[in-house]
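Below is one structure, written out as structure tokens; comments come after it.
The values are calculated or read from the model by the stated rules, or taken from the named source; none is laboratory data. Fair warning: this is a prediction, and the values are worked out from it, not measured in the lab. Ideal geometry is used to build each Cβ from the backbone, glycine not excepted, and the neighbour counts take in all protein chains shown.
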Amino acid sequence: MAENDIPTGAILQRDKKTYAIVPRTPVGLVTPDVLEALARVGRKFEIPVMKITSGQRIALVGLEKEQVDEVWEDLKMDVGPAVGLCVHYVQACPGTAVCKLGLRDSLGLGLELENMFVGKELPAKLKVGVSGCTMCCAESYVRDVGLIGKRKGWTMVVGGNASGRPRIADVLAEELSRQEAVELVNRFLEFYRENSGKRSRSAMMLKKIGIDAVKEALL
Amino acid sequence: MKNKEIIEGLPKGAIVQRGGGLYSVTPRMPLGQITPEHLNTINSVVQEFNLSGVRVTAGQRLKIQGIPEDKLKAVIEKLGPVGEFCKYYVQACPGTNACRLAMQDSMGMGAKLEEFLNGFTLPWKLKTGVSGCSMSCSESYVRDVGLVGKNKGWTVLFGGNAGKRVREGDILAEDVSEQKALEIIGKALDFYSRNAKVRERTARFVERVGIDAVKEAVFGSTQ
């Protein structure tokens with residue numbers, strides 16, 4: 001099947017007939033309206049599987065092709081990128097908004113980054129994790145871009161990966177203000193876009209060129 | 001200590017939030033599977049008690065937050081069967097149920113593992129990930145217990161961590177059946193339970209005792 005036959009925001013499943021969709025739920029926050037909408041479409045379209053993903057989203061699996069547009073129409077939610085070569089999601093722990101241990105506002109920074117960068121086209125998919133303290137509940141050290149809240153500011157790490165070939169991210173900068181962190185993420189994404197081959201994840205780029213080259217270019 | 005009394009008096013599974021006075025609960029929803037009925041139950045509780053919100057967590061669960069102390073018991077009761085707490089979480093990718101790339105049934109295996117882990121009482125928290133292929137979408141290499149589905153069976157990993165001191169799990173076995181994988185995990189966890197320090201995660205435990213000691217406990221010294 002040609003790729004342009006696949007409906008918007010849908011992922012073809014194993015049976016090569018049905019699709020999955022992943023609505024956008026930035027940093028995992030959902031409202032009663034979102035829950036209601038998901039419950040409503042789940043029942044109305046008899047969606048076989050609704051599954052919470054590790055990226056703090058809810059996937060609806062097993063949709064017929066002609067249902068995809070109708071479901072999106074009914075949900076009135078945005079698409080959460082799940083297959084494209086772009087920023088997929090920003091994961092964040094509760095941070096100072098809720099958690100007793102939080103040192104920084106990870107939800108706030110996570111939301112800001114999500115709004116700015118999700119869907120941004122890149123050489124390969126990119127995952128972001130924002131943790132409000134060094135416990136690293138958003139697993140920042142194994143994300144392409146990780147932020148860790150410390151007493152004196154944000155630590156930014158890059159090039160991590162948690163897949164079949166795990167890689168611990170390198171520290172790019174420390175003691176950043178929120179504004180500085182957002183700017184540095186932006187500059188890193190630009191650098192990655194210009195310096196990485198197609199489908200090469202940030203971990204592979206870092207392995208190839210080393211963190212010092214990145215530091216030299218960005219700091 | 002007042003704090004300690006409060007924490008010990010809490011219904012199991014409730015977590016105190018920052019600032020005190022408010023709690024959050026994370027109902028059990030193995031492998032992240034939910035139904036419209038679950039969503040409706042959670043939604044009606046959020047609305048009835050006028051709670052601040054719900055978050056999707058990275059552990060494939062929904063966390064209900066902002067519950068005042070005096071409403072905590074009522075909230076948990078209302079959640080009913082959804083309110084049962086998850087002991088050790090199992091993260092799983094869709095596997096052969098849905099994914100085009102999958103080599104093994106990660107959802108099926110995940111369900112068995114969840115069941116199996118409920119029989120254990122471990123020294124500290126344990127996170128597990130079951131991936132249906134070597135892409136490792138459940139991040140099996142950085143979980144305390146990780147399973148990766150390959151052509152010929154399961155790869156069993158032990159001692160991984162994705163926190164502030166990342167550790168890649170060690171391979172305990174490859175190409176094993178579901179049953180054999182659970183057996184190996186059981187033996188490794190027994191050894192960990194008997195020998196770990198208080199609040200010692202598997203990653204730190206393996207660093208301290210060495211993976212060979214774990215392998216010996218699992219397979220015997222002849223191997």
Query raised in the report: Does the range A:145-166 include one or more residues that are touching a helix residue (DSSP H, G or I) at 6+ places or on another chain (Cβ under 6 Å), surrounded by fewer than 24 Cβ atoms within 10 Å (Cβ to Cβ), within 12 Å of chain B (Cβ to nearest Cβ) and not in a helix (DSSP H, G or I)?
Result: yes
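Here is a yes/no grid of residues against (1) closer than 28 Å to residue B:37 by Cα; (2) away from every other protein chain (no Cβ under 12 Å):
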{"site": "B:90", "(1), (2)": "yes, no"}
{"site": "B:116", "(1), (2)": "yes, yes"}
{"site": "B:129", "(1), (2)": "yes, no"}
{"site": "B:137", "(1), (2)": "yes, no"}
{"site": "B:157", "(1), (2)": "no, no"}
{"site": "B:160", "(1), (2)": "no, no"}
{"site": "B:167", "(1), (2)": "no, no"}
{"site": "B:174", "(1), (2)": "no, yes"}
{"site": "B:191", "(1), (2)": "no, yes"}
Report summary line: Note on the range A:10-53: residues β-branched (Val, Ile, Thr), touching a Ser or Thr at 6+ places or on another chain (Cβ under 8 Å) and surrounded by fewer than 23 Cβ atoms within 10 Å (Cβ to Cβ) are A:34
Requested in this report: Take the range B:34-70 and flag every residue that is in a strand (DSSP E or B) and in contact (Cβ under 8 Å) with a residue 40 or more places away in the chain.
Outcome: B:64, B:65, B:66, B:67, B:68
Query - Boolean, residue A:95 is on the phi > 0 side of the Ramachandran plot and more than 8 Å from every other protein chain (Cβ to nearest Cβ) - result: yes
Query raised in the report: Looking at this structure, is residue A:71 within 8 Å of chain B (Cβ to nearest Cβ), buried (at least 19 other Cβ atoms within 10 Å of the Cβ), among the β-branched types (Val, Ile, Thr) and in contact with a Leu (Cβ under 8 Å, 6 or more places away or on another chain)?
Result: no
Requested in this report: Sort out which residues of the range A:11-34 are free of Cβ contacts under 8 Å to residues at least 60 places away in the same chain, over 11 Å from residue B:98 (Cβ atoms) and touching an Asp or Glu at 6+ places or on another chain (Cβ under 9 Å), and write them in order of number.
Outcome: A:17, A:23
Query raised in the report: When only residues in the range A:5-38 that are small (Gly, Ala, Ser) and either outside any strand (DSSP E or B) or out of contact with any Phe, Trp or Tyr (no Cβ under 8 Å at 6 or more places or on another chain) (or both) count, which is nearest to residue B:105 (Cα to Cα)?
Result: A:20
Report summary line: Exception for residue A:217 within (1) over 23 Å from residue A:53 (Cβ atoms); (2) without any contact (Cβ under 8 Å) to a residue 24 or more places away in the chain; (3) among the aliphatic types (A, V, I, L, M) falls at (2)
Query - Residue that is surrounded by the fewest Cβ atoms within 10 Å (Cβ to Cβ) [pool: residues in the range B:158-173 that are outside any strand (DSSP E or B) and of a type outside the set (D, E, K, R)] - result: B:163
Query raised in the report: Are any of the residues in the range B:103-118 within 26 Å of residue A:99 (Cβ to Cβ), in the same structural domain as residue B:185 (by TED's automatic domain parsing) and not in a strand (DSSP E or B)?
Result: yes
Report summary line: Taking the range B:176-209 and keeping residues exposed (fewer than 12 other Cβ atoms within 10 Å of the Cβ) and either in contact with a Gly (Cβ under 7 Å, 6 or more places away or on another chain) or on the phi > 0 side of the Ramachandran plot (or both) leaves B:177, B:199
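Give the range A:117-144 a look and list any residue that's of a type in the set (A, V, I, L, M), under 18 Å from residue A:57 (Cα atoms), in a loop (DSSP other than H, G, I, E, B) and within 14 Å of chain B (Cβ to nearest Cβ), or say none.
Across the range A:117-144, the qualifying residue is only A:138.
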